[in-house]
Amino acid sequence: MFKFGYVTVVGKPNAGKSTLLNKLVGFKVAITTPKPQTTRFNIKGIVTKDTCQFVIIDTPGIHLPKQKLGEYMMEGVENAISSVDVIIYLVDATKSKIDSVNEDIMKKIVTLNKKVILAINKIDKIDKTKIFSIIENYNNYFKSLGGNFCDIIPVSVYKNDGIDILVNCIENNLPEGQMEFAEDEITNITEREIVEEIIREKALNNLDKEVPHGIKVDVEKFKESTNKEGLLQYNIDVNIICSKNSHKGIIIGHEGRMLKKITREARIDIENTLETKVNLKIWVKVRENWQKNELYLKNIKFRSSN
Ligand SMILES: Nc1nc2c(ncn2[C@@H]2O[C@H](COP(=O)(O)OP(=O)(O)OP(=O)(O)O)[C@@H](O)[C@H]2O)c(=O)[nH]1
Ligand SMILES: [Mg+2]
């Protein structure tokens, strides 16, 4: 009996949701950084095994939104959890106490009557004897709300620890169904979006929090050509849009060093991910109110509801 279904990963920012998606898909479809609120819209990955296929949806980390962008991100999470077969609720083992955001997440998912797998991530970073009490805390709280986790699995996405068990649990909880996607299909994110997201990842990694959280990245030109060695090359022109002049200076850096570093790191990663030579040029532009730009926000909303 073949199984097919939809699975969503939810949790607080920085729990490791995108890292898990990439691990399950076996390809970098989502960017990951040590900074919370890295993911901005839902990203789908497709996992195909001999006996099942599932679409796994990575969502922005659940937080209290302060502006429209955040509100749309949270609407996307609502969409992603309301229409799936299985929810993976991912928590960070290094934060052993249940805080109010995690309480709110559990209050929300208990009302949905879905199958919920609790996955406790980053166990490589804690003393193994602590795992039992974390399980007990979450289990007791969810039970007090009238919920029941169908499985509880400690994992380390980094160390590939517990991932096989997690995949088996997902499969067990999927409904019977036919394969809906070709075996080589792995994501709904386009090459352009992968480029934009990888540049945002390098900006998040190299700059202090406030600056990269206030940027968006737009690919202006994406053209194929053949280079001197006769190999395929992508020529990509990109704008980093920020909201303040002072931020522009920080992104470019002294003698252009920061922008050069971001460009170099992004180019290497894009070349590895898309398996093509890349000629990457990045410009930095100031557009004061871009975060209120309806078109951009609509795009985030659109991306998150599809
Ligand atoms: N030690 C350890 N770190 C991990 C593990 N999995 C993920 N991380 C790290 O945790 C950080 C956050 O990972 P992400 O995958 O970006 O987290 P996220 O939940 O997608 O975060 P948002 O997109 O902000 O909601 C990154 O620095 C990861 O490298 C793990 O198993 N062990
Ligand atoms: Mg993420």
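Every number in this text was worked out from the coordinates using simple rules, so none of it is lab data. If you're wondering where the values come from, they're calculated on a predicted model, not measured in any experiment. Positions of Cβ are backbone-derived with ideal geometry, glycine not excepted, and every protein chain shown enters the neighbour counts.
Once Lys and Arg get +1 and Asp and Glu get -1 on their Cβ, which of GLY253, VAL219, ILE300 lies farthest toward the positive end of the dipole of the stretch 191-305? Selected residue: GLY253. The trypsin sites (Lys or Arg not before Pro) found in the stretch 154-261 that occupy coil by DSSP, while having at most 12 further C-beta atoms within 10 Å, are LYS159, LYS209, LYS228. Reducing the stretch 14-60 and the stretch 199-240 to their Cα centroids gives an inter-centroid distance of 21 Å. Within the shell of other residues whose beta carbon sits under 13 angstrom from the beta carbon of VAL286, the net charge comes to +4, with Lys and Arg scored +1 and Asp and Glu -1. Farthest towards the positive end of the charge dipole of the chain, among the residues THR8, THR19, GLY45, is the Cα of THR19, using unit charges on the Cβ of Lys, Arg, Asp and Glu.
Mean residue ellipticity at 222 nm from the helices of the chain, using -39,500 (n - 2.57) per DSSP H segment of n ≥ 4 over the full residue count, to the nearest 500 deg cm²/dmol?
Only helices count here, giving -12000 deg cm²/dmol.
State, as an integer percentage, the relative contact order of the stretch 183-306 based on alpha-carbon contacts under 8 Å between residues 6 or more apart. Worked out over the stretch 183-306, it gives 25 percent.
Once the Cα-Cα distance is subtracted from the 0.36 nm per residue extended length, the ASN293 to GLU180 segment shows a gain of 37.1 nm. Contact order, relative form, for the stretch 3-172: 22 percent (alpha carbon pairs under 8 Å, 6 or more residues apart, mean separation divided by residue count). Neighbours of ASN239 by Cβ distance under 14 Å: Lys/Arg scored +1, Asp/Glu scored -1, total +4. Beta-bridge orientation, the chain: approximately 35 percent antiparallel, per DSSP, counting only bridges with both partners inside.
Set the Förster distance to 22 Å, then compute FRET efficiency between GLU255 and VAL286 from the Cβ-Cβ distance, nearest 0.05.
0.65
Counting other Cβ atoms within 10 Å, keep those with at most 10, restrict to DSSP loop, and tell me which GluC sites (Glu not before Pro) in the stretch 89-197 are left.
Qualifying residues, ordered by number: GLU183.
Dipole size of the chain about its Cα centre, with +1 on Lys/Arg Cβ and -1 on Asp/Glu Cβ: approximately 1200 debye, rounded to the nearest 20.
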